[in-house]
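**Student:** Structure in structure tokens, see below.
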Amino acid sequence: MAYSDKVVDHYNHPRNVGSLDKNDPSVGTGLVGAPECGDVMKLQMKINPETQVIEEAKFKTFGCGSAIASSSLATEWVKGKTVDEALAIKNTDIVRELALPPVKIHCSVLAEDAIKAAISDWKRKNAADAPAEKPASSAAQS
Amino acid sequence: MDMNELETRFHQLSWKLHPDNFVKATAEERELALERGSQLNDAYRVLRDPVARVEYLLAIEGMRKEGATKQQAPPELLEEVFELNESLDELRGARAANQDGAEMAALRRRLEEAAKGFEERLADVDEQLMAAAKEWDATVHSGDRAAGRAALGRMNEILNRRSYIRNLVRGVTQELAQE
């Protein structure tokens, strides 16, 4: 089973690897996993509270090439988008772009889940009336 | 499950299907005995391994169909798995950079500590899995289907945790074995 050129490219040159400060109220963190193969994916984005634009996105994934490529692509796509636009990204878009084979579709699902999880973490942190510096009672505890 | 009975039955059936008993049989019968023999071996392999038994049960009950049902990972475990993977990365990086001394030793100690913890957790999870399997067995006898589904769901959830923990134990052991 060969990986597509795009997967190989993202795997060899992953975009936006790294992390952002998860305690920053403008940063949303999504940590998701696929138990079938034991993959873990962390996706973080810094969102401008005024414009709702995603200004920065970082990821770190421990998993197969397709999982890494899916999350790398996801960070590329969400940057510069608004929260609503980012939520509209579907795993099938990722499958198409990376030409993922059927057995690797769950990797793209993971990336979509990670985007949604990061945004809902950010929303939770910035829920109406909550003071901006209130520490999030999110899953992002160490 | 009665392991002694499994052994006895397996040996009885193996004996029955042994090629020596089919020396005078037709080619067709010999073929069939061979086929049954290999089925018997497969069945024995699954039945004697408690985890394989649960996996097989969940598969035939349609709980773990690839793509059909989305398996959920427990969030608090994900956090730990992620951190331990980062430590593993650090250790690899330190080794690649030919770093030695105190930093490397501290890293190793931390991983050894973590590995021990995860091995204990694996034993724990296995115990939970066996408890849930017993509950399932009870529902088979009582015919309580709702309770049966609940037990299957629990086994599925435990198995999901187990695969992460097993991978970690394997990864850390492998990494620490390299010198």
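We did not get these values from a lab; they are worked out from the coordinates using the rules stated. If you're wondering where the values come from, they're calculated on a predicted model, not measured in any experiment. So basically every Cβ, Gly included, is an ideal-geometry build from the backbone, and we count neighbours across all protein chains shown.
**Student:** What angle, in degrees between 0 and 90 and rounded to the nearest 10, separates the Cα long axis of helix B:3-16 from the longest principal axis of the Cα atoms of chain B?
**Tutor:** 50
**Student:** I've got another one for you. Hey, what D do you get for region A:5-126 in µm²/s if you plug the Kirkwood alpha-carbon radius into Stokes-Einstein at 4 °C and 1.567 mPa s?
**Tutor:** Using the Kirkwood radius from Cα pairs, D works out to 93 µm²/s.
**Student:** When the helix-only estimate is applied to chain A (DSSP H runs of n ≥ 4, each -39,500 (n - 2.57), divided by the residue count), what is the mean residue ellipticity at 222 nm, nearest 500 deg cm²/dmol?
**Tutor:** So the calculated ellipticity at 222 nm is -12000 deg cm²/dmol.
**Student:** For the pairs A:Lys79/A:Lys125; A:Lys46/A:Lys90; A:Lys60/A:Lys81; A:Lys22/A:Lys42, note any where the Cα-Cα span goes beyond 18 Å. Intermediate results must be reported in sequence, preceding the final value.
**Tutor:** Working: A:Lys79/A:Lys125 20 Å; A:Lys46/A:Lys90 20 Å; A:Lys60/A:Lys81 20 Å; A:Lys22/A:Lys42 11 Å.
Pairs exceeding 18 Å: A:Lys79/A:Lys125; A:Lys46/A:Lys90; A:Lys60/A:Lys81.
**Student:** For chain B, find the longest principal axis of its Cα atoms and tell me its angle to the long axis of helix B:102-142, 0 to 90°, nearest 10.
**Tutor:** Long axis of B:102-142 versus the principal axis of chain B: about 30 degrees.
**Student:** Let me spell out the model: positive unit charges on the Cβ of Lys and Arg, negative unit charges on the Cβ of Asp and Glu, origin at the Cα centre of the protein assembly as shown. What dipole size does that give, in debye rounded to 20?
**Tutor:** 420
**Student:** To the nearest µm²/s, what D does Stokes-Einstein give for region B:75-177 at 20 °C and 1.002 mPa s, using the Kirkwood radius over alpha carbon pairs as Rh?
**Tutor:** 138
**Student:** What's the exposure ranking of B:Val125, A:Val40, A:Val17, going from fewest to most Cβ atoms within 10 Å?
**Tutor:** A:Val17, B:Val125, A:Val40
**Student:** For B:Tyr56, B:Tyr164, what ranking results if the residue with the fewest other Cβ atoms within 10 Å of its Cβ goes first?
**Tutor:** B:Tyr56, B:Tyr164
**Student:** A further question on this structure: At a 10 Å Cβ-Cβ cut-off, how would you order B:Val81, A:Val103, B:Val46, fewest neighbours first? Present the calculation step by step, with values, prior to reporting the outcome.
**Tutor:** Values: B:Val81 24, A:Val103 11, B:Val46 15.
Fewest-to-most ranking of B:Val81, A:Val103, B:Val46: A:Val103, B:Val46, B:Val81.
**Student:** Could you derive backbone 3J(HN,Hα) for region A:87-100 from the dihedral phi with the Karplus parameters 6.51, -1.76 and 1.60 (θ = phi - 60°), listing whole Hz in sequence and x where the residue is Gly or Pro?
**Tutor:** Coupling constants for region A:87-100: 5, 7, 5, 10, 4, 5, 4, 5, 4, 5, 4, 9, 6, 6 Hz.
**Student:** Which of the listed residues, B:Ala138, B:Ser163, B:Gln174, is farthest toward the dipole's positive end in region B:119-179, when Lys, Arg count +1 and Asp, Glu count -1 at the beta-carbon?
**Tutor:** The residue sitting most towards the positive pole is B:Ala138.
**Student:** Relative to the longest principal axis of chain B, what angle (0 to 90°, nearest 10) does the C-alpha long axis of helix B:50-60 take?
**Tutor:** Tilt relative to chain B: about 70 degrees.
**Student:** What dipole magnitude, in Debye to the nearest 20, does region B:75-177 give about its Cα centre under +1 on Lys/Arg Cβ and -1 on Asp/Glu Cβ?
**Tutor:** Dipole magnitude for region B:75-177 comes out near 360 debye.
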